[in-house]
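Chemist: Please see the structure below; I have some questions.
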Amino acid sequence: FRIIKTNLLDGGSVTITGRSVPYTVYMDQQLGRIGMSETEARGSGRQFQVAEMPLPRVARALGVDESRGFLKGLCDTSTRRILGAAIRARAGGAGQPAPWPWGAGSGGRGGGGRGWAATAASFWAAWC
């Protein structure tokens with residue numbers, strides 16, 4: 001929306017070139033992703049770490065009685081930057097880019113939103 005608004009209404013020339021675009025595969029459970037996959041990170045020649053947390057270890061997932069799935073992130077070991085991230089969970093991609101640490105969301109059990117964003121942000125910030 002911001003790109004369309006900037007370009008159409010404000011006369012700008014913003015593009016998505018060089019930006020990571022989140023996406024969701026809508027299935028039961030949703031898979032929300034952004035950035036590099038492990039295969040892409042290996043192919044880039046970067047040194048990276050993979051961190052994965054199963055949802056049975058996430059309080060929010062237990063609180064909504066939905067403990068199937070995982071949080072996963074890739075971190076560049078030299079720059080400490082997040083290369084990619086994934087959430088496989090109920091509403092794990094709802095309200096894109098809500099599940100991502102740099103996104104904002106709508107919260108609530110059905111929407112994923114702010115709850116997953118906060119959970120994911122604390123998970124990735126703690127190890128990357």
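Quick note: the coordinates plus some simple rules give every number you see, no bench work behind them. Keep in mind that this is a model prediction, so the values were computed, not measured. Here the Cβ is made from the backbone with ideal geometry for all residues, glycine too, and neighbour counts use every protein chain on show.
Chemist: Would region 16-65 count as rounded, prolate or oblate if I go by the C-alpha gyration tensor, calling it rounded below 1.5 in a/c and otherwise prolate when a/b exceeds b/c, oblate otherwise?
Modeler: It comes out oblate by the Cα gyration axes.
Chemist: Also, I was wondering about something else. When Lys and Arg each count +1 and Asp and Glu each count -1, what net charge do the other residues less than 11 Å away from residue 70, Cβ to Cβ, add up to?
Modeler: Details: positive: 57, 68, 72, 88; negative: 52.
After counting each charged neighbour, the total is +3.
Chemist: As an exercise, use a Förster radius of 25 Å and the Cβ-Cβ distance of residue 81 and residue 3 to find the FRET efficiency, rounded to the nearest 0.05.
Modeler: With R0 = 25 Å, the Cβ-Cβ based efficiency is 0.65.
Chemist: If I take R0 = 22 Å and measure r between the Cβ atoms of residue 62 and residue 28 in this structure, what FRET efficiency does the formula 1/(1 + (r/R0)^6) give, to the nearest 0.05?
Modeler: It comes out at approximately 0.70.
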